[in-house]
Amino acid sequence: MAYITDLTHVLDIIFTLTTSGDEKKLTIKIIKTAIVLYQASQRRRDVHTKINELPIAFFAGCDVNVEMESIVKSRYITDGGLKEKVEKIAPTELEGDEDWDAPQSHGGNLAL
């Protein structure tokens, strides 16, 4: 459940970054930026706390889909700081591409 919600939230950030900057091509730089922003966010911590607090028996029921939908729909409501950071990323910061393992990758480039 956590993996699916994490992936959905990262994809949401990617969508926000690409649509707000009129990006025409999805790059590794955009994906890395979304991952870094999400990993450092309060949204991620809240999601994992909420999932960890669910009783084991809960996962045997059909309410899992409803709970996942609720978690995913929270978007930026639960984390205004993340929304602000995503919106602060200038399109020029996302220009170009890079390798997955580039050592300079957002090592200090993102204002987290």
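Each value in this text was obtained by applying a stated rule to the coordinates, not by laboratory testing. Quick caveat, the model's predicted, so the values are computed rather than measured. Using ideal geometry, Cβ is built from the backbone for each residue, glycine included, and neighbour counts are taken over all protein chains shown.
Some points to look at:
- Label-to-label distance, Ser20 versus Leu54, with points set 7 angstrom from Cα along the beta-carbon direction: 2.8 nm.
- The local environment of Glu98, defined by Cβ-Cβ distances under 13 Å, has a net charge of -3 under the rule Lys, Arg +1 and Asp, Glu -1.
- Considering only alpha-carbon pairs that sit under 8 angstrom and 6 or more positions apart, the relative contact order computed for region 1-50 is 44 percent.
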